[in-house]
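These notes concern the structure reproduced below.
The values are calculated or read from the model by the stated rules, or taken from the named source; none is laboratory data. Predicted, not measured: the structure shown is a model, and the values here were computed from it. Cβ placement follows ideal geometry from the backbone for every residue including glycine, while neighbour counts extend to all protein chains displayed. Remember, those area values only see protein heavy atoms, side chains included, never the ligands or the DNA or RNA. Shrake-Rupley method; radii C 1.70, N 1.55, O 1.52, S 1.80 Å.
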Amino acid sequence: MPISFVKEGTILGKDIYDEKGRILLSKGTALRDRYIKKIKSLGIYSIYIMDEYSNVELNDVITPQIRSKAIITLKKTYHNFQQNYSQDDSYTKKSVQEANENISDISSVAEDILDDILSQKHVVVNLIDIKSTDNYTYQHCLNVSILSIILGLELKLDTKHLKHLAIGSLLHDIGKTLIPESILLKEGPLTDEEFETMKSHTKKGYDYLKISKDIPSPARVIAIQHHEKIDGSGYPNGLKEDEIYMLSKIVAIADVYDALTSDRPYRRAMSPNEALEYLYGNCSTQFDMKLVKKFSNRIIPYPIGTMVKLSNKNIGVVKDITSGFPLRPKIELLSTNTLIDLMIEKNIVIENIVYNYEKEA
């Protein structure tokens, strides 16, 4: 629920963490006005809540412990990059040693994430991670890694390639630490000069990762290629189609999906179904159609518990997902408490997500 809709007394549905990965507010907390103000001050624009319409708890793909460890490791790695980056590639012995240590830590986190995901059966994404402004880059990179691994599993990649994918996606945006916030958070389009500055993050990240002997070359390639587009309009090298490494194409999809479904200071997040529509709509220019289709197999656009408005103007809550047909779930109508199956009621479609509803007396 967008924080602007949250009223005092609302029960928090999932833990909220501070910038160091510690629990700030626990699931089940009744939100007072000062808590809501604190959440807003952290740059958190949406939260999960408990309500009377759904008793299903959505679980994260990875454990809170691994998520917290990953955020802390990413923060340290990205900070060290910012401190040690050399414009002319003249790195000291200490800088190289720190880079190798950071890559070793990232590799360990990548293994933890991969092991956690592989320990589960058919993993699907039915949860959007709630991000704060301060930790956005690290939370984004972690989510891109999770989404990339899940797509890699759908593509039946072997463990070696999944590991390369995990490391490369965690580090794909490391160069953005050198981009001014005035550009990263700018509302509206960038000027030509600002866009050139923004584009430089791919090359800068790639150049820095080269100094570590421990990072696999596919992970470096992901850092420099994740903004290439299949029609050649991407950057930094304007690569097309098969010129782009497949793992880079995977991360490009995960990168855009997570960015679109994240709240930012200058725009509200898209819902999962809107983000999927965007990916499909740009398959002829930006993304590989086959990979987008595979990706959509693992995304639940309307997770169980989502309140939706139907084309017949009824409001309902998603109660069950139909395997292979995520846009046609079973929905309980709130006005009558009756269950309808959109696989049967083919003339009814979901129009949009609803965030507040008052049942008529």
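A few points about this structure:
- Residues in segment 247-288 that are part of a loop (DSSP other than H, G, I, E, B), more than 28 Å from I3 (Cβ to Cβ) and aromatic (F, W, Y): F287 alone.
- Among the residues of segment 252-270, those identified as over 22 Å from K290 (Cα atoms) and open to solvent by 10 Å² or more (accessible area, probe 1.4 Å) are D263, R264, P265, Y266, R267, R268, A269, M270.
- Search result, residues across segment 292-314 that are crowded, with 18+ Cβ neighbours inside 10 Å and more than 24 Å from the chain's Cα centre (by Cα): L310
- Some residue of segment 73-81 being of a type outside the set (D, E, K, R), farther than 30 Å from G168 by Cβ, in a helix (DSSP H, G or I) and open to solvent by 80 Å² or more (accessible area, probe 1.4 Å): no
- Qualifying residue in segment 83-90 (condition: open to solvent by 50 Å² or more (accessible area, probe 1.4 Å), modelled with pLDDT of 85 or more and either in contact with a Gly (Cβ under 6 Å, 6 or more places away or on another chain) or not hydrophobic (A, V, I, L, M, F, W, C) (or both)): yes
- Subset of segment 49-101 [within 19 Å of the chain's Cα centre (by Cα), aliphatic (A, V, I, L, M) and farther than 30 Å from N337 by Cα]: V61, I62, I66, A70, I71, I72, L74
- Within segment 340-355, considering residues that are in contact with a Lys or Arg (Cβ under 6 Å, 6 or more places away or on another chain) and open to solvent by 40 Å² or more (accessible area, probe 1.4 Å), the one nearest to G305 (Cα to Cα): N352
- Against the list (1) within 22 Å of I146 (Cα to Cα); (2) assigned to a loop (DSSP other than H, G, I, E, B), the condition L291 fails is (2).
- Looking only at segment 30-59, and only at residues there that are polar (S, T, N, Q) and surrounded by fewer than 16 Cβ atoms within 10 Å (Cβ to Cβ), the one that is modelled with the highest pLDDT: S41
- Checking V349, V354, V292, V317 one by one, the residue that is of a type in the set (V, I, T) and touching a Cys at 6+ places or on another chain (Cβ under 6 Å) is V292 and no other.
- Pick from segment 1-24, criterion open to solvent by less than 20 Å² (accessible area, probe 1.4 Å) and in a strand (DSSP E or B), ranking: farthest from N356 (Cα to Cα): I16
- Among residues that are within 22 Å of the chain's Cα centre (by Cα), closer than 30 Å to I250 by Cβ and surrounded by 14 or more Cβ atoms within 10 Å (Cβ to Cβ), R328 is not included.
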